[in-house]
Amino acid sequence: MNTVFFYFIKDLNKIEEEFRTIKRKQEHPDWNLHKVKTRVIIDNQGNKHHYNLGVYYIRKNQNGKEKRTYFTYYHHDYLKKIGRNKYSIETKNCYFS
């Protein structure tokens, strides 16, 4: 049985894929895709959900050499709040406080 959280994560993955394939090329043409990370988040029932994050880089020429700056783009505020934690915010509030 799929929960509301399952559909929320599914929507986040859809938003990430749309950003990676369409919006990024229009809004940030100098961002290049390095890889797509898959992270796990655990909800209140203990179900594991996988979500995607894009890792991008920007090329800069310094002293005749190419330098790359890598960064992870969080495409939703909820993912910014979670950061690298594997538990959802709701789970942390219920069980750890």
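Only the coordinates and a few stated rules stand behind these numbers; no lab work does. As the structure is a prediction and not an experimental result, all values here were calculated from the model. As a convention, Cβ positions derive from the backbone with ideal geometry for all residues, glycine included, and neighbour counts pool all protein chains shown.
Mind checking which residues of the range 20-39 are surrounded by 12 or more Cβ atoms within 10 Å (Cβ to Cβ) and farther than 21 Å from residue 68 by Cα?
Matches in the range 20-39: 23, 39.
Hey, can you tell me all the residues within the range 62-80 that are part of a helix (DSSP H, G or I) and either on the phi > 0 side of the Ramachandran plot or surrounded by fewer than 13 Cβ atoms within 10 Å (Cβ to Cβ) (or both)?
Correct list: 77, 80.
Of all the residues that make up the range 1-10, how many are in a helix (DSSP H, G or I) and surrounded by 11 or more Cβ atoms within 10 Å (Cβ to Cβ)?
Of the residues in the range 1-10, 5 are in a helix (DSSP H, G or I) and surrounded by 11 or more Cβ atoms within 10 Å (Cβ to Cβ).
Being touching a Gly at 6+ places or on another chain (Cβ under 8 Å) and within 23 Å of residue 89 (Cβ to Cβ) is the filter here, so list the residues in the range 8-35 that pass it.
If the condition is that a residue be touching a Gly at 6+ places or on another chain (Cβ under 8 Å) and within 23 Å of residue 89 (Cβ to Cβ), then 16, 19 are the ones that fit.
Which residue is nearest to the chain's Cα centre (by Cα), if the candidates are limited to the range 48-59 and must be surrounded by 13 or more Cβ atoms within 10 Å (Cβ to Cβ) and over 15 Å from residue 74 (Cα atoms)?
49
Can you tell me which residue in the range 81-97 is farthest from residue 27 (Cα to Cα), limited to those that are surrounded by 15 or more Cβ atoms within 10 Å (Cβ to Cβ) and not aromatic (Phe, Trp, Tyr)?
Of everything passing the filter in the range 81-97, 91 is farthest from residue 27 (Cα to Cα).
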